[in-house]
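What follows is a set of notes on a single structure, which appears directly below.
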Amino acid sequence: MGRRRHIYDLVLQRIELLDELALESVRKGDLELARSAGRIIRRLYLRNKVKVGAELKRRYCKRCFTPLVPGLTSRVRVRGRGRSVVRVTTCLSCGEVYRLEVGRRR
């Protein structure tokens, strides 16, 4: 295993640990710890050019880095717009709105 691959694996492990810490701290009510973990996660995958899934990227607010946990730190609505179905997620900390097309109506 090359040096680059080893660093890649270490960064992925660190991201997983920080993600668990962030979600746990949101459930306990410590939003500052969760936000700092979100900032570190973003910095890790951007600086080290690690490909993380869209699911992980969508789990954090892009403006305030708060983990988006439905009911605690975010509001999730499903809306029908014409022929498409859109999931609208709103961050309750900063008010940022994310829209994602999840399906097409027939």
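The values are calculated or read from the model by the stated rules, or taken from the named source; none is laboratory data. The structure displayed is predicted, hence computed values, not measured ones. Every residue, glycine among them, receives a Cβ derived from its backbone with ideal geometry; neighbour counts consider all protein chains shown.
Looking at segment 22-49, which of its residues are over 13 Å from Ser93 (Cβ atoms), among the β-branched types (Val, Ile, Thr) and crowded, with 17+ Cβ neighbours inside 10 Å?
Passing the criteria: only Ile41.
Could you figure out which of (1) part of a helix (DSSP H, G or I); (2) over 11 Å from the mean Cα position of the chain (by Cα) isn't true of Arg77?
Of (1) part of a helix (DSSP H, G or I); (2) over 11 Å from the mean Cα position of the chain (by Cα), only one is false for Arg77: (1).
Of (1) surrounded by 10 or more Cβ atoms within 10 Å (Cβ to Cβ); (2) outside any loop (DSSP other than H, G, I, E, B); (3) without any contact (Cβ under 8 Å) to a residue 12 or more places away in the chain, Gly95 satisfies all except one. Which?
So Gly95 meets the others, but not (2).
For segment 33-49, check the following and say yes or no: at least one residue is among the aromatic types (Phe, Trp, Tyr) and not in a strand (DSSP E or B).
Yes, the conditions are met somewhere in segment 33-49.
Taking Val52 and the conditions (1) under 15 Å from the mean Cα position of the chain (by Cα); (2) modelled with pLDDT of 95 or more; (3) surrounded by 12 or more Cβ atoms within 10 Å (Cβ to Cβ), which numbered condition does it fall short on, given that it satisfies the others?
Failing condition for Val52: (2).
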